[in-house]
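Below is one structure, written out as C-alpha cells; comments come after it.
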Amino acid sequence: MTGAGRGIGAATAAALAEPGGVVVVNYRSNDGAAAAACSRVVRAGARAVRVKADVTDPAQVDALFAEISKEAGGLDVLVLNAGLPARYERLGQMSPETFEAQWRSQAFSAFLCLRRALPLLSKAGGDVVFILSSVTAGDPPGYMAGYVAAKYALLGLARALAAEAGAKGPRVHCVSPGMTETDFIKDFPRPVVEAASEAQGGLRSPDSVAAEVLGLLGRG
C-alpha cells in the first residue's frame, strides 16, 4: 500500500491485515509514523514489511516492488493512496512546481506503481484500490486547483485501467471520501473545514474510509 504511513493509509493497512498475511507499508519520509502503522498491522496478526520509497521516482518504485516480490511472492491488493497535502491558494498564484508536485504525487506515482504491480496481480486477478476524493464529484472547491486536477487525473487512470482490464482483471475500485480528519487538513482555513464538516454531517475518520475499502473488497 502506498502512502501507508499515516491517516487513511495507516488505517487501511491495519484493516487489510489478516492472520498469516503480509502487508507492505510504503511511506516517503516519516519513519516513526510508518513504524507505528506497522505495529497496527502486526497487532492484527499479519506480517508488516516497511519500505521507504518515494513513489514518484521510477528507480525507487522498482526497488519497492522488488521488495514486495521478495517478501510476499505476489500481490493480492494494491492500494494507491500516495499524495501531498493541498496548499490552499489561488490558481494564479500557484507555482508550476506546486502544480506539478501534486500531479506527480497522485497520478504519476500511481502509473509507476501499476506498471510494476500488474504482472504480480495478474497471477490471481487481484484488486486495485484508488483513494480519490469527493472533489471529483459535483463542483470542486476553489483554491485547490493542483490537488483537484491531480485527483481527476487519478480518476481517469482508474477508468482507463478498468477499461483495459475488462473481465480478466484486476478488479478496479475507487473510494472518494469527503474531508477526513488527518494531517492533510491541518493547514486548511478553519471556516473551510467547518463548512465541509457541516455539509457532510461531520468529518470522516480514517477508520471509516478503511472500512469502505474493505467493503468494496468484500471483506467488510
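The values are calculated or read from the model by the stated rules, or taken from the named source; none is laboratory data. Note that the structure is predicted; figures quoted are calculated from it, not measured. For neighbour counting, all protein chains shown are included, and Cβ atoms are generated from backbone atoms with ideal geometry for every residue, glycine included. SASA here: full protein model, heavy atoms, side chains in, ligands and nucleic acids out. Shrake-Rupley method; radii C 1.70, N 1.55, O 1.52, S 1.80 Å.
Seen through its C-alpha gyration tensor, with square-root eigenvalues sorted a ≥ b ≥ c, region 135-220 comes out oblate because a/c lies at 1.5 or above while a/b is not bigger than b/c.
Taken over the chain, the ratio of Cα radius of gyration to 2.2 N^0.38 Å equals 0.98. The 3J(HN,Hα) values that the Karplus relation (6.51, -1.76, 1.60; θ = phi - 60°) gives for region 11-19 are, in residue order, 5, 6, 4, 5, 5, 7, 5, 10, x Hz. Gly and Pro appear as x. Modelled spin labels at D207 and N30, positioned 7 Å past Cα toward Cβ, are 1.8 nm from each other. Distance between the C-alpha centres of region 173-218 and region 149-172: 22 Å, rounded to the whole angstrom.
Note that the chain presents 48 Å² accessible area per residue, ligands and nucleic acids not counted, probe 1.4 Å. Computed from Cα positions, the angle between helix 31-43 and the longest principal axis of the chain comes to roughly 50 degrees. Comparing Q106, Q200, Q93 in a Gaussian network model of the chain, where Cα atoms under 10 Å apart are tied by springs, the biggest mean-square fluctuation is seen for Q93.
If you roll a 1.4 Å probe over the chain with all protein chains in place, what percent of the accessible area is carbon or sulfur? The computed percentage sits at 52. Taking 7 Å steps out from each Cα toward its Cβ at R190 and A72 produces label points 4.1 nm apart. Among R47, R104, R90, the residue with the largest mean-square fluctuation in a Gaussian network model of the chain, with springs joining Cα atoms closer than 10 Å, is R90. Radius of gyration (Cα atoms) of region 131-179, expressed as a multiple of 2.2 N^0.38 Å: 1.26. Across the alpha-carbon atoms of region 74-200, the computed radius of gyration and Dmax are 15.8, 48 angstrom. For the chain, the longest principal axis of the Cα atoms and the long axis of helix 58-72 meet at an angle of about 40 degrees.
Based on alpha carbons, the Rg and Dmax found for region 42-138 are 15.8, 49 Å.
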